[in-house]
Amino acid sequence: MGKTPLYCEKIFPVFPWEGIDTVLLDMDGTLLDKHFDDYFWEQYLPEHYSLIHDISVEEAREQLLARYQAVQDTLDWSDLDFWSRELGMDLQELKLRINHLIGVHPYVIEFLEFCLKHRKRLYLITNAHSRSLSIKLEKTALGPWFDRIICAGDLGAAKEELAFWDRLHAMLNYDKKRTLLVDDTEKVLFTGREHGLGYLLFVARPSSRQRVHYSCNFASIEYFKELLPR
């Protein structure tokens, strides 16, 4: 994933809503608190991996982090079937055991209501595997808000790849210059810019348990209430 400098001045978003027809929203870290995913991959999974291989949790974490990094920014990174095969564990079952940690960020529902009130086309676009997506949609009931939900796996490319955007545009036929993309990963926003999207927004508080970090390259928000009229 794209790395963000620790200290950047906040660039405040100024969007002419009358110039935006389509809103593309990431899921993990953008709509949902990324604490669930961070805890699962960095703590919960290493704990189970350590028991299977009779090693310390720290050693298990180091081994897994190296394996994660080897497939970073690819479809394999978020593919539960891939990791279940690689690790010999049922990752979907493990995620279900801690699904109580899945949560929607504050002001997300209010923002979705605002978009629908102003007749914006709403799309959820995510790198998440379809199995992960189903767990989170069942827990949060966010699905009905969207005109369509697209997993990167459906398009055969991760959001960090330009091929994803070319295929997404062919599928949805949106006006690039009148489209807003909101994501918590700078590399995705850079690719969206290369694709020609008119409005790009960085989420600076993807996890409720981590410090806020603003983008030096894109307008940033901590919460969606910053986009709502006062």
Checklist entry - Just for the range 56-90: of the residues that are touching a residue at least 24 places away in the same chain (Cβ under 8 Å) and open to solvent by 40 Å² or more (accessible area, probe 1.4 Å), which one is farthest from Phe164 (Cα to Cα)? => result Gly88
Checklist entry - From the set of residues in the range 129-149 that are in a loop (DSSP other than H, G, I, E, B) and out of contact with any strand residue (DSSP E or B) (no Cβ under 6 Å at 6 or more places or on another chain), which is most open to solvent (accessible area, probe 1.4 Å)? => result Ala141
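Could you list all residues from the range 205-217 that are open to solvent by less than 10 Å² (accessible area, probe 1.4 Å) and closer than 28 Å to Asp166 by Cβ?
Quick first cut of the range 205-217, residues open to solvent by less than 10 Å² (accessible area, probe 1.4 Å) only: 207, 215.
Within the range 205-217, just Ser215 meets the criteria.
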Item to check | Unmet requirement for Leu180, which otherwise passes all of (1) out of contact with any helix residue (DSSP H, G or I) (no Cβ under 7 Å at 6 or more places or on another chain); (2) over 18 Å from Met27 (Cα atoms) | outcome: (2)
Next on the checklist: What's the total number of residues in the range 8-25 that are closer than 26 Å to Tyr123 by Cβ and either open to solvent by 10 Å² or more (accessible area, probe 1.4 Å) or over 19 Å from the mean Cα position of the chain (by Cα) (or both)?
Outcome noted: 11
Checklist outcome for this item: Exactly one of Glu93, Glu110 is open to solvent by 60 Å² or more (accessible area, probe 1.4 Å) and in contact with a helix residue (DSSP H, G or I) (Cβ under 8 Å, 6 or more places away or on another chain), and that one is Glu110
Checklist entry - Do we have Glu226 as free of Cβ contacts under 8 Å to residues at least 40 places away in the same chain, open to solvent by 50 Å² or more (accessible area, probe 1.4 Å) and not in a loop (DSSP other than H, G, I, E, B) here? => result no
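Take the conditions in contact with a Leu (Cβ under 8 Å, 6 or more places away or on another chain) and in a strand (DSSP E or B) and apply them to Leu64. Does it pass?
Working: in contact with a Leu (Cβ under 8 Å, 6 or more places away or on another chain): yes; in a strand (DSSP E or B): no.
Taking the combined requirement at face value, the residue does not satisfy it.
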Item to check | Residue satisfying condition, being without any contact (Cβ under 8 Å) to a residue 40 or more places away in the chain and of a type outside the set (Asp, Glu), within set Ile102, Ile98, Ile52 | outcome: Ile52
Item to check | Residue satisfying all of: in the range 178-198; open to solvent by 50 Å² or more (accessible area, probe 1.4 Å) and in contact with a Leu (Cβ under 8 Å, 6 or more places away or on another chain); farthest from Leu32 (Cα to Cα) among these | outcome: Glu194
Checklist outcome for this item: Of the residues in the range 45-55, those that are surrounded by fewer than 19 Cβ atoms within 10 Å (Cβ to Cβ) and touching a helix residue (DSSP H, G or I) at 6+ places or on another chain (Cβ under 6 Å) come to Glu47, Ser50
Next on the checklist: Considering only the range 162-177, I want to know if a residue exists there that is crowded, with 19+ Cβ neighbours inside 10 Å, in contact (Cβ under 8 Å) with a residue 60 or more places away in the chain and either in contact with a Lys or Arg (Cβ under 6 Å, 6 or more places away or on another chain) or of a type in the set (Ser, Thr, Tyr) (or both).
Outcome noted: no
Checklist outcome for this item: Scanning the range 14-29 residue by residue, those part of a loop (DSSP other than H, G, I, E, B) and at pLDDT 95 or above turn out to be Ile20, Asp21, Asp26, Met27, Gly29
Checklist entry - Checking Glu42 against (1) assigned to a loop (DSSP other than H, G, I, E, B); (2) touching a helix residue (DSSP H, G or I) at 6+ places or on another chain (Cβ under 7 Å), which test does it fail? => result (1)
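The values are calculated or read from the model by the stated rules, or taken from the named source; none is laboratory data. If you're wondering where the values come from, they're calculated on a predicted model, not measured in any experiment. All Cβ positions, glycine included, derive from the backbone under ideal geometry; neighbour counts span all protein chains shown. Areas reflect the complete protein model, heavy atoms only, side chains present, ligands, DNA and RNA absent. Shrake-Rupley method; radii C 1.70, N 1.55, O 1.52, S 1.80 Å.
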